[in-house]
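Inspection log for the structure reproduced underneath, given as structure tokens.
The values are calculated or read from the model by the stated rules, or taken from the named source; none is laboratory data. Since this is a predicted model, take the numbers as computed values, not measurements. All Cβ positions, even for glycine, are placed from backbone atoms using ideal geometry, and neighbour counts span all protein chains on display. The protein model used for the area step is the full one, side chains on, heavy atoms only, and it has no ligands, DNA or RNA in it. Shrake-Rupley method; radii C 1.70, N 1.55, O 1.52, S 1.80 Å.
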Amino acid sequence: MTKIRTVSLLLCFVLLLMSFVGCQEEYQGEYVALEVGGTDSQFAIWSSEKLNYHQASQAPKTATVTFNGRTYSGSYKNSCVNMPDLYVSHRYKCEDTWFKVDDDAKELLHISFFYDYAGGKKSQVDCKKIADAIADDYISLSEYKVGVEVIEHPLCYIFTYYREVSTYRTTDGLSISIDGNGRIRSFTKRAIGSFEDIESVPIDEKKAQDTIEAKLDAIYQGNTKRKGHEILDVILIKLEDDTCALLYTIENRFEDENVSYGSLTKLLLKTFQKGKEK
């Protein structure tokens, strides 16, 4: 009798373990949408407290960086997280230059230069050559796509170099703005190399869409003025546990009597999927 009881208990334990593992596998296949960026952010690193400029006690009082062959030294001003980054950066002031470094104040993440507008009219082609020469110091240009935004006045071209995976723009890249005089306005580096060995990410488009829509319905539950939404941007990021997630920027449309207006919402869709390596 004791032997039968022991076997029965062991069998129950095995079945319970299989059930638990099965649930875990099923959970890993589900998508979860989190509202981010506001006072009620469901993703700690993107709380409004961290996204806004604040004083960080651990930030070095001074920092020195090198960019495009020149060295810049500055005094600490403040810190923040720049979405979609997953880390705090510290900002420093150096004459007419601002720059940001990582939490250890060793790696340059961003630098901005301020000039008087001089009415330059350099072409986009010429300015891209300047940007390419800078980007080539950080990335292999052939592995990245390039998008461009043109600001008319004062004339400025913003070139964004990004790695694309499964048709999604990723945070693996950098951006450089060049003004109409061919001068560098700003440089921003993000998670370069984070998707270097990733060939694809198995995103279930229908599941992603259903999860996003369900989350929006929950956020605006009972709001009869909301008439729909439009997805403005989606970017693929890699979280600290090496799983991939999608950051959505969504404009919600509202109608109040004869007035129409919109409101932006940012949602982080956690996929619990790791990218497939090349």
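The set of residues in the stretch 91-124 that are touching a residue at least 24 places away in the same chain (Cβ under 8 Å) and more than 20 Å from residue 175 (Cα to Cα) comprises 103, 105, 117, 118, 119, 120, 121.
Residues in the stretch 129-151 that are outside any helix (DSSP H, G or I) and not basic (Lys, Arg): 136, 137, 138, 139, 140, 144, 146, 147, 148, 149, 150, 151. Output the residue which, of all residues in the stretch 109-128 that are part of a loop (DSSP other than H, G, I, E, B) and within 27 Å of residue 89 (Cβ to Cβ), is modelled with the lowest pLDDT. So, considering only residues that are part of a loop (DSSP other than H, G, I, E, B) and within 27 Å of residue 89 (Cβ to Cβ), the one modelled with the lowest pLDDT is 115. Report whether or not residue 105 is over 26 Å from residue 235 (Cα atoms), touching a Pro at 6+ places or on another chain (Cβ under 9 Å) and either aromatic (Phe, Trp, Tyr) or outside any strand (DSSP E or B) (or both). Yes; evaluated as a whole, the condition is true for this residue. Is it the case, given these coordinates, that residue 218 is among the aliphatic types (A, V, I, L, M), exposed (fewer than 14 other Cβ atoms within 10 Å of the Cβ) and touching a residue at least 12 places away in the same chain (Cβ under 8 Å)? No.
The criterion of being among the hydroxyl-bearing types (Ser, Thr, Tyr), surrounded by 15 or more Cβ atoms within 10 Å (Cβ to Cβ) and either in contact (Cβ under 8 Å) with a residue 12 or more places away in the chain or out of contact with any Lys or Arg (no Cβ under 6 Å at 6 or more places or on another chain) (or both) does not hold for residue 140. Counting the residues of the stretch 254-278 that are modelled with pLDDT of 95 or more and open to solvent by 20 Å² or more (accessible area, probe 1.4 Å) gives 2.
Residues in the stretch 152-171 that are in a strand (DSSP E or B), within 24 Å of residue 86 (Cβ to Cβ) and open to solvent by less than 60 Å² (accessible area, probe 1.4 Å): 158, 159, 160, 161, 162, 163, 165, 168, 170, 171. All of 107, 95, 35 fail the test of being within 30 Å of residue 209 (Cα to Cα) and open to solvent by 60 Å² or more (accessible area, probe 1.4 Å), apart from 35.
Taken together, 189, 122 contain a single residue that is closer than 23 Å to residue 97 by Cβ, charged (D, E, K, R) and touching a Gly at 6+ places or on another chain (Cβ under 7 Å), which is 122. Does residue 233 satisfy the condition of being open to solvent by 30 Å² or more (accessible area, probe 1.4 Å), at pLDDT 95 or above and not hydroxyl-bearing (Ser, Thr, Tyr)? In short, yes. Those strands (runs of 3 or more DSSP E) of the stretch 184-278 in which at least 2 residues are within 16 Å of the chain's Cα centre (by Cα), considering only elements entirely within it, cover 184-189, 226-238, 244-256, 259-273.
Results for (1) within 23 Å of residue 162 (Cβ to Cβ); (2) among the polar types (S, T, N, Q), shown as yes or no for each residue.
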{"site": "64", "(1), (2)": "no, yes"}
{"site": "75", "(1), (2)": "no, yes"}
{"site": "81", "(1), (2)": "yes, no"}
{"site": "105", "(1), (2)": "no, no"}
{"site": "109", "(1), (2)": "yes, no"}
{"site": "127", "(1), (2)": "yes, no"}
{"site": "131", "(1), (2)": "yes, no"}
{"site": "144", "(1), (2)": "yes, no"}
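Remark: pairs (first residue in the stretch 62-90, touching a residue at least 40 places away in the same chain (Cβ under 8 Å); second residue basic (Lys, Arg); Cβ separation under 9 Å; 6+ apart in sequence or on different chains) = 63/106; 65/106; 83/266; 84/190; 85/190; 86/238.
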